[in-house]
Amino acid sequence: MENSRTDPRVVKTRNNLKQALVHLMKEYKIENISVQKITETASITRGTFYLHYKDKQDFIDRAMNGILDDFFENVMIEVYSLAGKSYPNGVKVFSMQHAFKYIEDEADAFDVLLNNPENVVFFDRLSDRVGVEINHFYEKLEPDFVELDVPTDIQMALIVSAELGLIKYWLQKGMIYTPRYMSSSVTKLMTQLKHDKIFFTDFFYTEA
């Protein structure tokens, strides 16, 4: 028997449900989206829904986690050199170029998930996930970090807020700039903040 993760019928059903959730979030707050609305929009029965999920909250949690998992699989890359220092075992960083391209390809979903003021849950989860990844980055490279008389949590909060805020701004403006242009613009801005040691700006990687 095929694993439920790879069974095409299961994948199709879950994708339909995920798309239904995104569609409904254009009109409703998450707390006002019922299982009935989800199943009607996805054109499936309630019985089918409950074959896959315990309840609405289980569905929402898994749907959002799935979207985030796909996103981070595409944007987290391994690099072997930062601030002029080599790292033979590689370091995981957040590729801004990959992020802009992925969001452009999934614009309908991300416009709803990040720009609808009625639904802040996804942005909070995205911020939390970036926080986890940037903490891993810091823990691995801490000896090579520039020393500042500012707590690291404040440093991280500032940089993460700036980068995610830029992504939201880009979406709000209708993505009038290409992903490549956005990435090159970030590169120019980050160049002004470069140190001879590692800083949190290095986590948000921009390809040359």
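The values are calculated or read from the model by the stated rules, or taken from the named source; none is laboratory data. Just so you know, these numbers come straight off a predicted model, no measurement behind them. Please note: Cβ atoms are built from the backbone with ideal geometry, for glycine as well, and neighbour counts cover all protein chains shown.
SER86 fulfils the conditions (1) in contact (Cβ under 8 Å) with a residue 24 or more places away in the chain; (2) touching a Phe, Trp or Tyr at 6+ places or on another chain (Cβ under 7 Å) except for a single criterion, (1).
Scanning the stretch 130-145 for residues that are surrounded by 14 or more Cβ atoms within 10 Å (Cβ to Cβ) and among the hydrophobic types (A, V, I, L, M, F, W, C) yields VAL130, ILE134, PHE137, LEU141, PHE145.
Only one of the listed residues (TYR80, TYR28) is over 19 Å from the mean Cα position of the chain (by Cα) and under 30 Å from PRO143 (Cβ atoms). That residue is TYR80. Counting the residues of the stretch 25-50 that are at pLDDT 90 or above and part of a helix (DSSP H, G or I) gives 13. Taking the stretch 155-205 as the range and being within 21 Å of TYR138 (Cβ to Cβ), in contact (Cβ under 8 Å) with a residue 12 or more places away in the chain and not in a helix (DSSP H, G or I) as the test, the residues that pass are LYS194, HIS195, ASP196, LYS197, ILE198, PHE199, PHE203, PHE204, TYR205. A single entry from ALA83, ALA107 fulfils the requirement of being within 26 Å of LYS29 (Cα to Cα) and either assigned by TED's automatic domain parsing to the domain that holds VAL186 or hydroxyl-bearing (Ser, Thr, Tyr) (or both): ALA107. So for the stretch 39-47 (the condition being within 20 Å of the chain's Cα centre (by Cα) and farther than 27 Å from GLU133 by Cβ), does at least one residue qualify? Within the stretch 39-47, not a single residue is within 20 Å of the chain's Cα centre (by Cα) and farther than 27 Å from GLU133 by Cβ.
Residues checked against (1) among the aliphatic types (A, V, I, L, M); (2) surrounded by 12 or more Cβ atoms within 10 Å (Cβ to Cβ):
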{"position": "VAL10", "(1), (2)": "yes, yes"}
{"position": "LEU24", "(1), (2)": "yes, yes"}
{"position": "ASN32", "(1), (2)": "no, no"}
{"position": "ILE38", "(1), (2)": "yes, yes"}
{"position": "SER43", "(1), (2)": "no, no"}
{"position": "TYR50", "(1), (2)": "no, yes"}
{"position": "LYS56", "(1), (2)": "no, yes"}
{"position": "ARG62", "(1), (2)": "no, yes"}
{"position": "PHE71", "(1), (2)": "no, yes"}
